[in-house]
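Below: the structure, in structure tokens.
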Amino acid sequence: MTLKHAPLPLRARGPQMRRYRSERGFSLFFTLIALAVLLVATASIMRSSGLNLFSVGNISFQQDMVSRAEQVNVRMYELFRPGGALATNSSLAATSTANNYSALALSTNSQGIPLALINDTTFESVGVASNDISDTDSNTKIRYVVERLCDQAGDASTLGVKHCVKSPDSKPILGGSSTQAGMAIPPSFAPIYRVSIRVQGPRGSETYIQNTFLKPN
């Protein structure tokens, strides 16, 4: 018996082989493009995540510095409350460097920050460094100045609205009988005071905060 073998398939040659190689080349090209796009997208996502974390960290850092500035409000209350160093009209009539207090408004920069907080030499004419509030654990230092918004020193009741800024009346007298006017006598003149705070933190960071207030009775 004679065995017959099936003919072996012939490999593609000529134009068919070139077309096959061309198709493989295009597939590889598009695969590389897809990989490049994926790499760019991955890098963008990672960068966006890093920026978000950085922003959240900065916000938390700023909030912490603002919270630390609340210590100055406590000191202001101690100075202005009855029995404090700045409790009387006579003590408020003149500048007191021992208490970082200026009886007249301080010079400021274009952002409204007193120059005494920006320049240490200028600060020496308004306050003393021993009043700074320092925390070695958090590496922060708080400096403040408090000013009366007047253009002259002296008793505020004598200077009046001509030389000092005052808060608007909460219950102004808008008319009525003379009897009603007598019963609604406006309170004595009270100028506005402003405290400006500089908080210095780690990595050379600085935060400036300002508050205005009236002298507590």
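Cβ-Cβ under 6 Å, sequence separation 6+ or interchain: first residue in the stretch 203-217 and open to solvent by 90 Å² or more (accessible area, probe 1.4 Å), partner at pLDDT 90 or above. Which pairs?
Taking only residues 6 or more apart or on different chains, the pairs are Thr212/Ile192; Thr212/Arg194.
Keeping to the stretch 163-198, report how many residues are at pLDDT 90 or above and either part of a helix (DSSP H, G or I) or loosely packed, with under 15 Cβ neighbours inside 10 Å (or both).
1
Can you report the number of residues in the stretch 33-88 which are modelled with pLDDT under 80 and out of contact with any Pro (no Cβ under 9 Å at 6 or more places or on another chain)?
34
Per-residue answers, yes or no, for (1) of a type in the set (A, V, I, L, M, F, W, C); (2) free of Cβ contacts under 8 Å to residues at least 24 places away in the same chain; (3) touching a Cys at 6+ places or on another chain (Cβ under 8 Å):
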residue	(1), (2), (3)
Asn89	no, no, no
Ser96	no, yes, no
Leu104	yes, no, yes
Thr121	no, yes, no
Asp137	no, yes, no
Tyr144	no, no, no
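Criterion first (over 26 Å from Arg203 (Cβ atoms), out of contact with any Gly (no Cβ under 7 Å at 6 or more places or on another chain) and crowded, with 17+ Cβ neighbours inside 10 Å) does Ser107 satisfy it?
Criteria not met by Ser107.
Out of (1) open to solvent by less than 60 Å² (accessible area, probe 1.4 Å); (2) in a helix (DSSP H, G or I); (3) in contact with a strand residue (DSSP E or B) (Cβ under 8 Å, 6 or more places away or on another chain), the odd one out for Arg75 is which?
The one condition Arg75 does not meet is (1).
The values are calculated or read from the model by the stated rules, or taken from the named source; none is laboratory data. Owing to the predicted nature of the structure, the values given are computational and were not obtained by experimental measurement. Neighbour counts are summed over all protein chains in view; Cβ atoms, including those assigned to glycine, are modelled from backbone coordinates with ideal geometry. With ligands, DNA and RNA removed, areas are computed over all heavy atoms of the protein, side chains included. Shrake-Rupley method; radii C 1.70, N 1.55, O 1.52, S 1.80 Å.
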